[in-house]
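Visitor: Take a look at this one; I'll ask things after.
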């Protein structure tokens, strides 16, 4: 798996001159513990069964694009990193997104439903049509906590996202579009740390080798 921001560098800048900042060390320890819990949590979801996931090619500001049981979900960079449902059905900032079952607190007269929700209570993307296996697959792909049990309550949503395929895709996207990433993800420095806005990804040649180049160019 590609490098995940902060995954192997939690103690960077913590130690120096033989000393360790206690506050930074405590934060690093907490993150390590939360990420270990996240791995165990998603492994547990997978043992219960997950639906097949179809992956689509990535374009523009999209860093993950999947179809699960006929529903398509994308991770896209706007002013932040969002999970987006097809056909404008909704979106939610991934740093505060989770999966919940209940009534949207803004529409208390509505029926309880599974949804990707902001802060557990504000429905943003309804998950009607997905089976339990489909919802678990979605949770694993995007690092979304399924709220409603004790295991979920002991997790950090941000550190769960870090363990996901979506997070790896976001990290890779920032390296391909550094200037745009620094502008749109300025409030999320973990993903822009070390970027050079003037750098450009290596250009991929349309020719497979020098012999093909010479043939088509008439050399």
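Just so you know, all these numbers are worked out from the coordinates, no wet-lab data involved. Everything numeric in this text was worked out from a predicted model, so none of it was measured. Cβ atoms come from the backbone with ideal geometry, glycine included; neighbour counts cover every protein chain shown.
Visitor: Among 162, 20, which comes first, second and so on when ranked by fewest other beta-carbon atoms within 10 Å?
Guide: Details: 162 22, 20 13.
Final ranking by Cβ density, sparse to dense: 20, 162.
Visitor: May I pose another question? Return the ratio Rg/(2.2 N^0.38 Å) for the range 15-171, where Rg is computed over Cα atoms only.
Guide: Values: Rg = 16.6 Å, N = 157, 2.2 N^0.38 = 15.0 Å.
Taking N as the residue count of the range 15-171, the ratio is 1.10.
Visitor: Which whole-number percent gives the relative contact order of the range 15-171, counting Cα pairs below 8 Å spaced six or more residues apart? Please report the intermediate quantities before stating the final value.
Guide: On the way: 275 pairs, mean separation 35.0, N = 157.
It rounds to 22 percent for the range 15-171.
Visitor: Working out 0.36 nm times the residue gap between residue 183 and residue 126, then minus their Cα-Cα distance, what length gain in nm do you get to one decimal?
Guide: Details: separation 57, 0.36 × 57 = 20.52 nm, distance 3.00 nm.
The span from residue 183 to residue 126 would gain 17.5 nm if fully extended.
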